[in-house]
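Taken together, the values in this text are just the output of simple stated rules run on the coordinates, not laboratory data. Here the structure is a predicted model, which is why all the values come from computation and not from measurement. Methodologically, a virtual Cβ is constructed for each residue, glycine included, from the backbone with ideal geometry; neighbour enumeration extends over all protein chains shown.
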Amino acid sequence: MRSFILVLMLLFLFVVEVVGVEVKSDVDSFFSSPRQLSFGDVKLLYPYDALVFLNNPGILSYTKSEKFFLFKLSFYSGARTGYIYDVLGLSSYNLSPTEWIGFDWNRLTNDLLKDPYGILLNSEPEVGLFGPISVGYVGNGIGILLFNDFFSSLDIRQAPGIPYVDLKSFAEIGITFGFGTYFEILKFYTLHVGVSFSYSKRYKSPFFYGGSALEIVNYYERTRNGIYEYDVGDSFWGNIGVIFDDGEYFKYALTVNNFFGRTFHWNRISYENGKEIFSGYNYLSYIHPSISLGIMFNTEKILFIPTFLLSDFMVELNLVDVVNFNEFWFKKFKVGSEISVLRIVKLRGGINQGFPTFGFGVDLVYFAIDFAFSQYEKGALPGYQSIQNVSVSAEIKF
């Protein structure tokens, strides 16, 4: 009886302390690389990028790229370029390569100078970084990585009077541990299973969930006096991944990301005179678990073509967050393909949420660089708020 009463008391304290705190939505870490983005943003089965284990720990006993990582820096920049195209009147020009006679630079300059800040803000710019901290080892059933990432996007919400601004900006540093193994099934089939656990500390903008333009101006004025406000939070989460290899051309994947959810505990900090002062405002944010499926066709040798010319042709299809029925179905569809030229040059293309992606990379033994152009749908419906982006990365490994 005493044990039952004690459990009730602990439950009551938990409800008072946690349920009474405000809970908001949040966004995942920025783990996308140019290779993934140019590959249709698929990231479950690619066997030559060991850092895929951040999304699918089943890779740990399956990857063909066991590596120590010393450095990786991925830079990402995106915007709603269709808006810029329209506001600058570029559609009035004949851009045919055989007939184009150039832009009227005076007109373009005048259009740009009419409202440069408005054009910048309404284009909904984004920027992201993964690295340069990327230190660890992946392979032989083990994965450990110390990393940092950053992402920032700016959205304008039109409202009567002063518009609202969402500055979804965060920077974090984290560490991930993963373990994987495999099981032989019958004679040809292999089942790879992995699990990873991660911890991160994150700093983010006080306007992550919106603020009026006037509030942002006031915030800027305070920074000029050496007063800064930001939110600090940390989270712990885990992923599970399974890969089924048929021993020939096809591989299949199932992942459960954030399988026990991912909760951030936030505190508002005011930084003044070299000291951090807690403002007393605290809340929780949450990222729900997600289930994703993948299938890959992969052949190292292409019929009738020498492998030193063309090799490692693969096509991968992902269906992401398949049990989230609040999202339009087309946003879950991603497909990508890659082929190796002279074994070191990688040509890639794909379709991400209905938009084409493409890119290339040069992968040497100790060094790799990648470039990508990709698109995705930021809005709820196809074609409503598409974002175009470019991404480049450099990597040192051995």
What's the extension gain from Thr223 to Val392 if we count 0.36 nm per residue and subtract their Cα-Cα distance?
-> 57.6 nm
Ordered by residue, what ³J(HN,Hα) values in Hz, to whole numbers, does the stretch 259-272 give under the Karplus form 6.51 cos²θ - 1.76 cosθ + 1.60, where θ = phi - 60° and Gly and Pro are x?
-> 5, 10, x, 9, 10, 9, 10, 10, 10, 7, 10, 10, 9, 9
Where the Cα atoms of the stretch 224-275 are projected onto their three principal axes, how long is each span, largest first, in whole Å?
-> 64, 23, 12
Where N is the number of residues in the stretch 214-345, Cα Rg divided by 2.2 N^0.38 Å = 1.70
Compute the Cα gyration tensor for the stretch 329-398, then decide on rounded, prolate or oblate, letting a ≥ b ≥ c be the square roots of its eigenvalues: rounded whenever a/c is under 1.5, prolate when a/b is larger than b/c in the other cases, and oblate in all that remain.
-> prolate
Give me the orientation-averaged projected area of the Cα convex hull of the chain, in nm², one decimal.
-> 27.5 nm²
Go through the stretch 172-235 and name the chymotrypsin sites (Phe, Trp or Tyr not before Pro) that are in a DSSP coil and have 12 or fewer other Cβ atoms within 10 Å of their Cβ.
-> Phe188
Label zone at Phe313, where the point sits 7 Å out along the Cα-to-Cβ direction: the stretch 321-339 residues whose backbone N lies under 15 Å | 337-339
Based on DSSP H runs of at least 4 residues, each adding -39500 (n - 2.57), what is the mean residue ellipticity at 222 nm of the chain after dividing by all its residues, to the nearest 500 deg cm²/dmol?
-> -4000 deg cm²/dmol
Charge sum, other residues only, whose C-beta stays under 11 Å from Phe151's C-beta, Lys/Arg counted +1 and Asp/Glu -1 = -1
Where in the stretch 314-349 are there GluC sites (Glu not before Pro) that are in a DSSP coil and have at most 12 other Cβ atoms within 10 angstrom of their Cβ?
-> Glu327
Shape category assigned to the stretch 288-360 from the gyration tensor of Cα positions, a/c cut at 1.5 = prolate
Could you point to the residue in Phe264, Leu60, Ile396 farthest towards the positive end of the chain's charge dipole, with +1 and -1 charges on the Cβ of Lys/Arg and Asp/Glu respectively?
-> Leu60
The Rg/Rh figure for the stretch 161-256, Cα atoms and Kirkwood Rh, to two decimals is 1.31
What relative contact order, as a whole-number percentage, does the chain give when Cα pairs under 8 Å and 6 or more residues apart are counted?
-> 19 percent
